[in-house]
Structure formats: structure tokens, C-alpha cells
Amino acid sequence: MKPLRRQVLQMILGVAAIPTVSGIGRAQMAASAFAAKLETLEVSPMPGRLQPSLRLVENYEKEFGLTLPADYREFLATYGGVSLHATYPFAELTPFGQRGMIDCFFGFTPHENGARKTWDVHSATDLIEGAPAVVAIADDLMGGMTWLKCTDEDAGSVYFHDPQRRYTNWRDADFYSRFPHLHPEIRQYLELRRTNRLPKKKRGYENVYLIARSFSEFIALLQPGS
């Protein structure tokens, strides 16, 4: 079984109990906030994207047998398929610092010759093989993906998936050999890990890191990248 598939399956089975507000209420509150925030981030449509629409979102949900959280559903139907350069804070300690970045929100592309672009939301969701519980919504230039939970107690929560799986695969020596001048935040993380003082992570969540408890909260956290 592929490591990424195993990670997604474990994440489906072991959920973190995170309260969320009503999906419908969240979407209603988010409508104007999305537009205001995106103006500050100077987003641009991805080249060759299909104009997002509710019909495309419904087809996507049907294909993967899922129901998207209401706020992300509205975002995808209105703004899906945009590039940007933004950063955000993590809601938990990570082995790569306390801020992440995002360079693209996935959207819709024409299905030409049996293939779609890598930033197509169909292709990205198919790649992680997590639907209907987990879908891929964005990525960064370093290959890290942003995931959204669609089911269970943490439905609506946004996570970053570490493709290098540093929590489970990297020893302290790996960090110091690759990066002799580690940032103090990462040194602190390693010290906490070495002394077993990190908060215990749920099974299946070892290499994913909480960003926000809803997509609307995630959007509100985004700041223009430097």
C-alpha cells in the first residue's frame, strides 16, 4: 500500500474530536469574507481553468461520493482554480516551523485526452485516495498539500500534509545533518519530541498538522506572502 494512501486511510479511521459550527451557517457568513480576503491576496485565475460553477462542484461531489463542507463548497463554486502566494500559522507544533504557505487553490480544468492538470481538484483528490472522508484543496511549491476533512467529528477542519513525513521518518540527526542552522522553532520541536513532551497525535494524524477548524477560518488566517 502506498504511504500516502496508508496515511489517508489512517486519518479516516482515527479522528480528532474538534467541534465545528453549522455548515450552512458557516457558508452564509463566509460569502463576503471570501471576496474581501482574496482582494488582499492578489489572486489570479490559473491558466486554462474552467470557470467555476455550482454544476462543476456537484459533478465533483457525485464523482467521489462526497458532501463538501458548505463554506468550501461555496468557495470552490465561485473562486476555484486560483494562484496566490500566502502564508498562515499552524494550530499545532510542527517539525518545519510555525508558518505554512499556499500557492494554489485547486479548481476545474478541461478533461483533455484522458488527463487533467495537476491543480485540477479531481486529479488532486484522486491522487490522495481519501474521498469521501478527505479531499485535497490546495498545494504549495514544495509539494505539500492542504487537505480538508469532510466526515466524522473533525469534518470541515483543514490540515497540512507533510509529504516528507518528518514526524515519523526523520530522526533528530537527519534534521541537523540536512540543516546545520536549524531555526529555533524547529530546535524547540525536536527537544520536545526527544523528551516526549509533544502533545500526543491521533492515529493516522502523525504527518498531518491542523491549520484551522473550518475552511472559513483558514481563509481568514491567510496573509500575503513576502
Next on the checklist: Among the numbered criteria (1) closer than 23 Å to Ala35 by Cα; (2) at pLDDT 95 or above; (3) over 14 Å from the mean Cα position of the chain (by Cα), which one does Asp120 miss?
Outcome noted: (2)
Checklist outcome for this item: Flagged in the stretch 43-84 as assigned to a helix (DSSP H, G or I), surrounded by fewer than 15 Cβ atoms within 10 Å (Cβ to Cβ) and not basic (Lys, Arg), in numbering order, are Leu54, Glu58, Asn59, Glu63
Checklist outcome for this item: For the stretch 64-81 the number of residues that are of a type in the set (Gly, Ala, Ser) and in contact (Cβ under 8 Å) with a residue 60 or more places away in the chain is 1
Checklist entry - Got a sec? Which helices (runs of 4 or more DSSP H) wholly within the stretch 124-213 have at least 1 residues that are of a type in the set (S, T, N, Q), buried (at least 18 other Cβ atoms within 10 Å of the Cβ) and in contact (Cβ under 8 Å) with a residue 24 or more places away in the chain? => result none
Item to check | Subset of the stretch 97-123 (residues that are closer than 22 Å to Ile219 by Cβ and either part of a loop (DSSP other than H, G, I, E, B) or small (Gly, Ala, Ser) (or both)) | outcome: Gly97, Gln98, Gly100, Phe106, Gly107, Phe108, Trp119
Item to check | From Leu222, Leu210, Leu182, Leu198, residue being at pLDDT 95 or above and more than 26 Å from Gly48 (Cβ to Cβ) | outcome: Leu210
Checklist entry - Quick check: anything in the stretch 88-104 crowded, with 20+ Cβ neighbours inside 10 Å and over 30 Å from His181 (Cα atoms)? => result no
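The values are calculated or read from the model by the stated rules, or taken from the named source; none is laboratory data. Here the structure is a predicted model, which means the values were calculated and not measured. Note that we place each Cβ from the backbone using ideal geometry, even for glycine, and neighbour counts take in every protein chain shown.
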